[in-house]
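Each remark here refers to the structure printed beneath this line.
The values are calculated or read from the model by the stated rules, or taken from the named source; none is laboratory data. These numbers come from a predicted model, not from an experiment. Note: ideal-geometry Cβ built from the backbone for every residue, glycine included; neighbour counts use all protein chains shown.
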Amino acid sequence: MKKFRFKESYSVRSIIQKITSNKLLSGGLKKVFLNKIWSNVMGKNVSQYTENIYIKNSTLYLKINSSVLKQELFYGKDKIIDNFNKEVGSDEIKKIIFI
């Protein structure tokens, strides 16, 4: 039986980046990370009323079930954007739209 060996060594980070660069996986992973980040930024109580989260053209779209909560979040948009960008580590989000 022939043993298979790699000619070069690869870091775990580079392997994960290659796996996540796959277009089929990247969409699902982004959705999971967005839900996790939203939960970290806003807490469990707010995230339980959130159904759908996605980013398109530097805009964060959120579907909120509660109209009262949606109105409260609307007043704190700027602070939410700052906290979300801080959690991500970049200034990717410029605008939030509540659906």
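A few points about this structure:
- Tabulated pairs, the range 31-49, first in contact (Cβ under 8 Å) with a residue 12 or more places away in the chain and surrounded by 15 or more Cβ atoms within 10 Å (Cβ to Cβ), second among the polar types (S, T, N, Q) and in a helix (DSSP H, G or I), C-beta under 6 angstrom, 6+ apart or interchain: Trp38/Ser47; Val41/Asn83; Ser47/Ser39
- Failed item, numbered, when Ser90 is tested on (1) closer than 19 Å to Lys31 by Cβ; (2) not in a loop (DSSP other than H, G, I, E, B): (2)
- Subset tally (residues that are in a helix (DSSP H, G or I) and surrounded by fewer than 14 Cβ atoms within 10 Å (Cβ to Cβ)) for the range 61-81: 8
- Here Leu29 qualifies as within 14 Å of the chain's Cα centre (by Cα) and at pLDDT below 75.
- Filtered residue count, the range 45-57, keeping only those that are under 12 Å from the mean Cα position of the chain (by Cα) and assigned to a loop (DSSP other than H, G, I, E, B): 0
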